[in-house]
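Have a look at the structure below, then the notes.
The values are calculated or read from the model by the stated rules, or taken from the named source; none is laboratory data. Bear in mind that the values here come from a model prediction, so they are computed numbers and not experimental data. Reconstructed Cβ throughout: ideal geometry from the backbone, glycine too, with neighbour counts over all protein chains shown. Protein only, heavy atoms only, side chains kept; ligands, DNA and RNA dropped before computing areas. Shrake-Rupley method; radii C 1.70, N 1.55, O 1.52, S 1.80 Å.
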Amino acid sequence: MGTPLRPDTILTYEQALSVVHEKLRQANLNPAIEAVLLEGARGRVLGEEVRADRAYPPFHRAIRDGYAVRAADVNRLPAVLQCVGELRAGQHFPGKVGPGQCVSIMTGAPLPLGADAVVMVEDTQIQADRVSVLRSAACWENVVQQGAEAAGGSVVLRRGGRLGAGELGLLAMVGRKQVVVFRQPPVSILPTGDEVVPVDQQPEWFQIRNSNAIALAAQVAAAGGIPNPLPIAPDRADRLRELIREGLRYDLLLLSGGVSTGKYDLVEEVLSGMGTEFFFQGVAIRPGKPLVFGRLQEKFFFGLPGNPVSTFVTFELFVRPAIAALGGAAPEPPLFLRARLARPIRLKLGLRAFLPARVQVMSADPVVELVGWQGSGDLVGLAEANCFLVIPPDQMDLAAGDWVDVLPKPG
Ligand code: AMP
Ligand code: MG
């Protein structure tokens, strides 16, 4: 018999998430680091602090095409200035802009000495070398001052931050070709169930393809881990135990299925017998209530419910932050967005629900609507969704137009 859920270990969503964060923090993980080329660093977690090699911008940079002027000269309008030169990006002006003078300047060029503002070309009229300025400019208008983005030597990227395209651009800007990142945690994936067969096998009519391992591997990779699929464990204690041992060779073990209360849900029983410390054995969420989190032989594991949508949701809510922590990332709080309900919803759950839904921006506010789905086994319904509509446990009656939380569905 599967170990029944112990009521004292069923936590709320918030409690369970903070247990995950807390246990990983207490583990004092110290992931190894490695150097990688920028070209292969997208999605990796920064393992060093990165400083600006010089001031940014490195010079007072013009951000409009126009004329570099002394702001004091264009206080009173119209001001007529003498244009004493032209400056493109990639050049610098050898002289100095004196009173009554200006220099034609292009976006990206360094402001010449003496000038302290740029007037836009649209606000001028030119006749030979005479420039009439039709709009006054404040000091530093249309200029980003040297060092305004970053002082030379200042920290521009912190350890533990994730490298996206923008961060990679910043690394290139400060002259880096490679960067120190944390090693990606290897994560084993152990599907369970007598009815589950490999995806390349023709299932009998009463069998189910092992879709969870494929979806979980993609989620692990997206979360920054390295997925390691294990063979399917049948609902038999001896073989399950063997494969759990195998899975414990990785930084994190993800089991799918076998954590409900059925007669052949053996995962918790087998784990118990192996000396597992359970941190929780159930979370008041739907889908995903039977979720299990614990540690065995110094390794963390999650027992994810086998229903594919439950597996997907519990991964996103709890496993993603665990993989982030194992990979050295600074904690990233879940990002809920707000949308208005398209139709009323009445639920009697007492659980926090994460229901597959579609959000779209209609005229002004984003509007969210549940997709038709047959419950937590329905991957067809999940594919229709672009978010999960979040319903708090105490909210039973929601009217059309009510503001609700939505959790974007990751790709
Ligand atoms: P369980 O949590 O073992 O009771 O499984 C719940 C439901 O999820 C059952 O309908 C299983 O057939 C299904 N299921 C379990 N494991 C997988 C898997 N690896 N891939 C797809 N479906 C699964
Ligand atoms: Mg099962």
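To the nearest 10 degrees, how steeply does helix 211-222 sit against the main Cα axis of the chain, on a 0 to 90 scale?
30
Would you work out which of 102, 326, 228 lies farthest towards the positive end of the dipole of the chain, given +1 charges on the beta-carbon of Lys and Arg and -1 on that of Asp and Glu, about the Cα centre?
Farthest along the dipole direction, towards plus: 102.
Mind giving me the nanometre distance, one decimal, between the label points for residue 165 and residue 28, set 7 Å out from Cα along Cα→Cβ?
4.2
Send over a whole-number figure in Å² for the accessible area per residue of region 238-364, probe 1.4 Å.
That works out to 42 Å² per residue.
Return the FRET efficiency for the residue pair residue 154, residue 403: r is the Cβ-Cβ distance, R0 is 45 Å, and the value is rounded to the nearest 0.05.
Working: r = 40 Å, r/R0 = 0.88.
For R0 = 45 Å, the calculated efficiency reads 0.70.
What ³J(HN,Hα) values, in whole Hz, does the Karplus curve 6.51 cos²θ - 1.76 cosθ + 1.60 give for region 374-383 when θ = phi - 60°, with x put for Gly and Pro?
The phi angles translate into 9, x, 6, x, 8, 6, 5, x, 4, 5 Hz.
Considering only protein heavy atoms and a probe of 1.4 Å, how much of the accessible area of region 309-411 is carbon and sulfur, as a whole percent?
Numbers: 2770 of 4940 Å².
Ligands and nucleic acids excluded, carbon and sulfur reach 56 percent.
Could you list the residues of region 102-143 with an amide nitrogen less than 19 Å from a label point located 7 Å from the Cα of residue 63 in the Cα-to-C-beta direction?
105-112, 115-123, 136-143
Can you compute the modelled spin-label distance between residue 264 and residue 86, with each label point 7 Å from Cα toward Cβ, in nm?
For residue 264 paired with residue 86, the spin-label model returns 8.2 nm.
To the nearest 20 Debye, how big is the dipole of region 1-81 about its Cα centre, given +1 on the beta carbon of each Lys and Arg and -1 on that of each Asp and Glu? Don't jump to the answer; show the numbers that get you there.
On the way: 11 positive and 10 negative charges, 72 e Å.
Result for region 1-81 is approximately 340 debye, rounded to the nearest 20.
Under a point spin-label approximation (7 Å from Cα along Cα-to-Cβ), what is the residue 204-residue 380 distance to one decimal in nm?
Those two pseudo-labels are separated by 2.4 nm.
In whole angstrom, note down how far apart the Cα centers of region 148-190 and region 243-270 are.
First find each Cα centre; the distance between them is then 35 Å.
Rounded to whole Hz and in sequence order, give me ³J(HN,Hα) for region 195-200 from the Karplus expression 6.51 cos²θ - 1.76 cosθ + 1.60, θ = phi - 60°, writing x for Gly and Pro.
For region 195-200, the Karplus-derived couplings read 7, 8, 10, x, 5, 8 Hz, x marking Gly and Pro.
When the dipole is taken about the Cα centre of region 50-158, and only Lys, Arg (+1) and Asp, Glu (-1) are charged at their Cβ, what size is it in debye, to the nearest 20?
Numbers: 11 positive and 10 negative charges, 53 e Å.
The dipole of region 50-158 has a size of about 260 debye.
Compute the relative contact order of region 154-213 as a whole-number percentage, counting only Cα pairs closer than 8 Å that sit 6 or more residues apart in sequence. Let's see the in-between values first.
Values: 26 pairs, mean separation 12.8, N = 60.
Computed value for region 154-213: 21 percent relative contact order.
Picking from 9, 118, 292, whose Cα lies most toward the positive end of the charge dipole for the chain (charges on Cβ: Lys, Arg +1; Asp, Glu -1)?
After comparing all options, I get 118.
Mind checking region 179-247 for chymotrypsin sites (Phe, Trp or Tyr not before Pro) that DSSP puts in a loop (not H, G, I, E or B) and that have at most 10 other Cβ atoms within 10 Å?
Numbers: sites: 182, 205, 206; in loops: 205, 206.
Those that pass, being in a loop and sparsely packed, are 205, 206.
Restricting to the chain, compute how many DSSP beta bridges are antiparallel as a %, nearest 5. Spell out each step's value before the answer.
Details: 57 of 84 bridges.
Percentage antiparallel, nearest 5: 70.
Add +1 for every Lys or Arg and -1 for every Asp or Glu among the other residues with Cβ under 13 Å from the Cβ of residue 277, and state the total. Please list the in-between numbers first.
Details: positive: 23, 295, 299; negative: 268, 298.
After counting each charged neighbour, the total is +1.
For every other residue with a beta carbon closer than 14 angstrom to the beta carbon of residue 298, add +1 if it is Lys or Arg and -1 if Asp or Glu, then tell me the sum.
Around residue 298, the charge tally is +3.
Accessible area per residue of region 56-131 at 1.4 Å probe, in Å²? Walk me through the numbers before you get to the answer.
Working: 3960 Å² over 76 residues.
Solvent-accessible surface per residue comes out at 52 Å².
Could you derive backbone 3J(HN,Hα) for region 398-408 from the dihedral phi with the Karplus parameters 6.51, -1.76 and 1.60 (θ = phi - 60°), listing whole Hz in sequence and x where the residue is Gly or Pro?
For region 398-408, the Karplus-derived couplings read 10, 9, 4, x, 4, 7, 9, 7, 10, 10, x Hz, x marking Gly and Pro.
Could you give the size of the charge dipole of the chain about its Cα centre, using +1 on the Cβ of each K and R and -1 on the Cβ of each D and E, expressed in debye and rounded to the nearest 20?
With Lys and Arg at +1 and Asp and Glu at -1, about 660 debye.
For residue 211 and residue 134, calculate 0.36 nm times their separation in residues minus their Cα-Cα distance, and state this gained length in nm to one decimal. Kindly include the intermediate steps, with their values, before the conclusion.
Numbers: separation 77, 0.36 × 77 = 27.72 nm, distance 6.75 nm.
Length gained between residue 211 and residue 134: 21.0 nm.
Given the options 396, 19, 134, identify the residue whose Cα lies farthest towards the positive end of the charge dipole of the chain (+1 on Cβ of Lys, Arg; -1 on Cβ of Asp, Glu).
134
After finding the eigenvalues of the alpha carbon gyration tensor for the chain, what semi-axes result from the square roots of 5 times each, listed largest first in whole Å?
Output for the chain: semi-axes of 58, 26, 17 Å.
Let me confirm the definition first: pairs of Lys residues in the chain, 8 or more apart or on different chains, C-alpha distance under 28 Å. How many are there?
10
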